[in-house]
Every structure is written in C-alpha cells, then in structure tokens.
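I have placed the structure first, in the form of structure tokens, so that the comments after it can refer back to it.
We did not get these values from a lab; they are worked out from the coordinates using the rules stated. As the structure is a computational prediction, the values presented were derived from the model and not from experiment. Cβ sites come from the backbone with ideal geometry, for glycine too, and all protein chains shown count toward neighbours.
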Amino acid sequence: MRPGNHKRFVDVMPDEVARPGINPYVLAHREFGEEIVPGSEAPAFLGRWHELFGREAPLHLEVGSGNGFYLSGMAEKHPECNWVGVELRFKRVVLVAKKLRMAGQTNARIVRFDARALDKLFLPHSLAGIHVNHPDPWERESKRHHRLIDREFAELCTRLAAPGAELRLKTDFGPHIKALVKACEGLPWELVGTRTDVDAQGVLWDDDVVTNYQRKARERGAPVHAVLLRRTASGMSIPSAAPPDPQPLEQPSSSSD
Ligand SMILES: C[S@@+](CC[C@H](N)C(=O)[O-])C[C@H]1O[C@@H](n2cnc3c(N)ncnc32)[C@H](O)[C@@H]1O
C-alpha cells in the first residue's frame, strides 16, 4: 500500500470481476447472509451499528480477522458487547461468517473493508476496544510501506477510540510492538504494558483468544509479543487524515482469496 493511499477503499462488485470463477468468494460473500456486511453496504452503518445488532452495547472492533477464531471467541466471551471484524480477503470473510453462524452468534459481524479507511465505518470516539492480531508483517524493508502499524493508523485509532478504550496488539513480528508504541507517542494513549512472549509472561488482558496465526507461531516456536494501550480522555479532537489519494488501493498479492 502506498503512503497517502490509505483512505481509498472501493468495494469490488461481482460483475466487475473479470474472471469470477477464479474467486467464487467474491459472489459468495455477498450471498452468505446477515453475518457478512459487504464493503459497499458497510458505510451506511456509520453511527448506526447498534441498529444492525438491535441493541445499544459497547462496540469492539477487530482488525484483520483472518479465519475468525478471535472474533468468534471474543463475541462468545463477551455477549454484552457488539463486535465488528474487518477483513479484506473474500475467502476469509466467508470463513469468519461460517464460524459466527455455527456458534449462533448474533453479537458479531464481519465486514469486508480496508482497515485504513475505518473512519468511513465508525464515528469518532465510538469504539470501546480495538483489537489487532498478527497484522501482515511485510518483513522486507522494501515492503515496509505496506505495514498497517504506523502513525496514520495510530491517529485513526485515536480518533475512533472512546476514552478508556483499549488498543490491543498481538504479533509474532516484534518490530510491530515498538512501531505501535512509537506511533502513539504524543497521542492520548497510556502505555499499559508490553510482552515479548505471551506464553511465558501471560497476556496483558484476561480474556484472550488464541488466533490462527498465533497458533502457527507457537508451532514453529516463535514468541508472540503483545502491547496494550489505553485511550486517555485528553486530546479528544485529532484532525482528520489527509484527503484520499487518487491511486487505486494496492492489496496484498493474494488478497483475492
Ligand atoms: C497475518 S493475517 C492474521 C489473521 C488473524 N488476525 C490471525 O491472527 O490469525 C493478517 C490478516 O489481516 C488482513 N488484512 C491485511 N491488511 C488489511 C487491511 N488493510 N484491512 C483489513 N484486513 C487486512 C489479511 O487479509 C489477513 O487476513
């Protein structure tokens, strides 16, 4: 993803896909049912997620839900909260939705959307928690501009988080932890703590769910790091990011699944 390109997200409609058979999930994610909110429909819920869930409740966001273990697990642990996951890849969106349906969860939805454009989905200070698990590392230096964890993302989270909201990050890519802490410098976040190995040290919260990538990291013996920040009440008005760049959104090479 190129710098300055982050706020643009245009949903792909099935009839705009050149070879629909290549990725049947483009159509499938639209036909699945109420667990999935397609990207073209999601901005209509700005400030109205409680209507979708049929109740007012603290709203939590998971960024990059992958296969949905965390979203589904947390929705089960916290029936008193409304949960929204955002995920770019069509197939993963469907996998998450299947988990939600299997578990009969009505307090969670998966939205096909770009985490860089979250302010199209959520009002300022509307999120009670932001959960990020194993964001793509983009390890090569030449690809680091694709990394989600940067100042722009920190400012976005700052605008959307309610006072007292938690920003949680788990990752097997250690540099993401330092990057988030640095990106939040000067912003109204209190650093609660960091971990370099959650299996040895425990996580910084008491309601964790092991994710797919976390399990994979464990299997290859890689430590999972974590950081917890808490939104303070000061600095409530963070200026909006720059207007969108006209360049098309660049997605991870395998984002069609
Ligand atoms: C490494 S996987 C981790 C998946 C899951 N959170 C886990 O821990 O198992 C990263 C996920 O983030 C998604 N992703 C990457 N960039 C994204 C973006 N800008 N907006 C939404 N999801 C994104 C990817 O499609 C992928 O499913």
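Looking only at the stretch 91-108, count how many residues are within 15 Å of the chain's Cα centre (by Cα) and surrounded by fewer than 24 Cβ atoms within 10 Å (Cβ to Cβ).
1
Of the residues Ala162, Ala128, Ala217, only one is of a type in the set (A, V, I, L, M), within 12 Å of the ligand (Cβ to nearest atom) and either more than 23 Å from Leu95 (Cα to Cα) or more than 14 Å from the chain's Cα centre (by Cα) (or both); which?
So the residue among Ala162, Ala128, Ala217 that is of a type in the set (A, V, I, L, M), within 12 Å of the ligand (Cβ to nearest atom) and either more than 23 Å from Leu95 (Cα to Cα) or more than 14 Å from the chain's Cα centre (by Cα) (or both) is Ala217.
Just to be sure I understand the filter: pairs with C-beta atoms under 8 Å, separated by 6 or more residues or on different chains, first member in the stretch 156-171 and within 23 Å of Arg8 (Cα to Cα), second member within 12 Å of the ligand (Cβ to nearest atom). Which pairs pass?
Taking only residues 6 or more apart or on different chains, the pairs are Leu156/Arg116; Leu156/Leu118; Leu160/Leu61; Leu160/Leu118.
Condition first: in a helix (DSSP H, G or I), within 27 Å of Trp189 (Cα to Cα) and of a type in the set (Phe, Trp, Tyr). Can you find one or more residues in the stretch 30-46 that meet it?
yes
Looking only at the stretch 54-69, which residues are buried (at least 19 other Cβ atoms within 10 Å of the Cβ) and either without any contact (Cβ under 8 Å) to a residue 60 or more places away in the chain or within 16 Å of the ligand (Cβ to nearest atom) (or both)?
Correct list: His60, Leu61, Glu62, Val63, Gly64, Ser65, Gly66, Gly68, Phe69.
Which condition number does Glu16 fail, the rest of (1) away from the ligand (no atom under 15 Å from the Cβ); (2) touching an Asp or Glu at 6+ places or on another chain (Cβ under 8 Å) being met?
Against the list (1) away from the ligand (no atom under 15 Å from the Cβ); (2) touching an Asp or Glu at 6+ places or on another chain (Cβ under 8 Å), Glu16 comes up short only on (2).
Go through Gly104, Gly73 for me and flag whichever is farther than 19 Å from Val26 by Cβ and assigned to a loop (DSSP other than H, G, I, E, B).
Working: Gly73 fails: assigned to a loop (DSSP other than H, G, I, E, B).
Of the residues listed, the single one that is farther than 19 Å from Val26 by Cβ and assigned to a loop (DSSP other than H, G, I, E, B) is Gly104.
Taking the stated definitions as given, is Pro38 in contact with a Lys or Arg (Cβ under 9 Å, 6 or more places away or on another chain) and either within 16 Å of the ligand (Cβ to nearest atom) or at positive phi (or both)?
Details: in contact with a Lys or Arg (Cβ under 9 Å, 6 or more places away or on another chain): yes; either within 16 Å of the ligand (Cβ to nearest atom) or at positive phi (or both): yes.
Here the answer is yes, as Pro38 does meet what is asked.
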